[in-house]
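Working notes for the structure below.
The values are calculated or read from the model by the stated rules, or taken from the named source; none is laboratory data. All of these numbers come straight from a predicted model, not from anything done at the bench. Virtual Cβ from ideal backbone geometry, glycine too; neighbours counted across all protein chains shown.
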Amino acid sequence: MYDVVVAGGSISGLLAAREIAKNGYSVLVLEEGFEVGSPEHCGGLVSKNALKELGIEPSQKTFDSEIERAKIFSPGGKEITINSEKQKIIVINRRELDKQAARQARDNGAEISVKTSFQEKIKNGVKTSNGNLECKFFVDCRGVSRLVNKDRNGILLTAQYEVYADWIKKGQVEVYFDQEKYPEFFAWIIPSGEGVGKIGVSGKGINTITKMDEFLKSKGDFSTIRKIFAPIWIKGPIKNFVENNTIIVGDAAGQAKPTTAGGIFSCGMAGVMAGNAISEALEKNDSSLLMNYEKRWKEKFGKEFEKQNLARKILARLDNDTVNKLFNSITPEIEEDISNKEDFDFHTSSILRLLGMKGSFNTMQALIGGEIKRLVQSKA
């Protein structure tokens, strides 16, 4: 008998378990894989401030490198450069970050069971691959797989390879927009160090293997040491985070950014908030207090995610000619203005500057009219 069973040893599930155990309640984390942190789907970009808020000081194993700048490329090859030093962005080894969170959970009294999968909810508990367990609350952190059958329009397939290549520059993230090659998304390069990093592609309806091969060949010589294929969710949070005594957290609740599908901070904070709300509900024997989790998460991230979702929809409607025009309208002053923002975790204001400042504003107004007005007004 456990107070709480958590399905999924991700950052959200592990931080939820840490908070529950810290408050003196029994909690078991089920991880269906052979180890916590594998397979590693994440690009690993996160701000130092986000990790601090999550209560994690990255260890030497967890920390890969700092990011100094981002280069963003248009379909026509024009680039803009954003200095990211003020945003204090780092690249972490996601596998090691999850292990660090697992150690925190364990040190506070949580139990972790690998190679054990959740199968279904049953009366007074859950059915697992290793038998039935009784629990008062069930935390569902099973990731995007929980959403695949609910709304396939919100799912994009991705390919992300770990690559050795001289053209990967330490400290420099690269993003490539091309609505024909990567419709509704982009390709990316995230360096782990000099000459090594994660190369990814995603887009609606594309063959990710073919597009990845094309992208890599266009860059030059390389050696691939790891390949990961995984779905991402880009439609924002689901409607309800709490269903009776089931609490849905992290990617399973659609809590990754609609613009980039990054979720270390937003999903991790969901775990912290869920863990605290569950502890409150257990302390006072009042399951209605579980709703505090949903309330707190939406207060912190709700408006930002709404704006990101709208910005993504706007970008998805643009063709390559329009994207090229927007890039041509971006001035050095706009680049500098974005570089001075400290908003990696809440970045819609930077997207607004790219879409709505100076020359690009008239273009966007003509293209999308009311939608851009909604985005601008929601910022206020």
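Of note:
- The single condition among (1) within 28 Å of Asn245 (Cα to Cα); (2) buried (at least 17 other Cβ atoms within 10 Å of the Cβ) that Asp151 does not satisfy is (2).
- A single entry from Lys239, Lys198, Lys257, Lys204 fulfils the requirement of being basic (Lys, Arg), touching a Gly at 6+ places or on another chain (Cβ under 7 Å) and assigned to a loop (DSSP other than H, G, I, E, B): Lys257.
- Residue satisfying all of: in segment 1-58; hydroxyl-bearing (Ser, Thr, Tyr) and closer than 28 Å to Phe229 by Cβ; modelled with the lowest pLDDT among these: Ser38
- Selected residue [within 19 Å of Arg94 (Cβ to Cβ) and assigned to a helix (DSSP H, G or I)] from Asp251, Asp213: Asp251
- Of the residues making up segment 157-172, not a single one is at pLDDT below 95, surrounded by fewer than 20 Cβ atoms within 10 Å (Cβ to Cβ) and not assigned by TED's automatic domain parsing to the domain that holds Gly197.
- The conditions of being surrounded by fewer than 17 Cβ atoms within 10 Å (Cβ to Cβ), of a type outside the set (Phe, Trp, Tyr) and without any contact (Cβ under 8 Å) to a residue 12 or more places away in the chain are met by Lys217.
- No other residue among Gly263, Gly197 is crowded, with 22+ Cβ neighbours inside 10 Å, under 19 Å from Ala50 (Cβ atoms) and not aliphatic (A, V, I, L, M) apart from Gly263.
- The residues of segment 283-300 that are assigned to a helix (DSSP H, G or I) and either surrounded by fewer than 21 Cβ atoms within 10 Å (Cβ to Cβ) or modelled with pLDDT under 95 (or both), listed by number, are Glu283, Lys284, Ser287, Ser288, Leu289, Met291, Asn292, Lys295, Arg296, Lys298, Glu299, Lys300.
- Test: Lys88 is surrounded by fewer than 20 Cβ atoms within 10 Å (Cβ to Cβ) and modelled with pLDDT under 95: yes
- Any hit, segment 67-77, residues being among the aromatic types (Phe, Trp, Tyr) and either under 23 Å from Ala256 (Cβ atoms) or assigned by TED's automatic domain parsing to the domain that holds Gln119 (or both): no
- Matching residues, segment 62-113, being part of a strand (DSSP E or B), closer than 30 Å to Gly275 by Cα and of a type in the set (A, V, I, L, M): Ile89, Ile90, Val91, Ile92, Ile112
- Scanning segment 256-287 for residues that are under 16 Å from Arg18 (Cα atoms), among the β-branched types (Val, Ile, Thr) and touching a Phe, Trp or Tyr at 6+ places or on another chain (Cβ under 9 Å) yields a count of 1.
- Options Ile225, Ile232, Ile278: the member that is outside any loop (DSSP other than H, G, I, E, B), farther than 28 Å from Ala159 by Cβ and in contact with a strand residue (DSSP E or B) (Cβ under 7 Å, 6 or more places away or on another chain): Ile278
- Of the residues Thr116, Thr210, the single one that is among the β-branched types (Val, Ile, Thr) and in contact (Cβ under 8 Å) with a residue 24 or more places away in the chain is Thr116.
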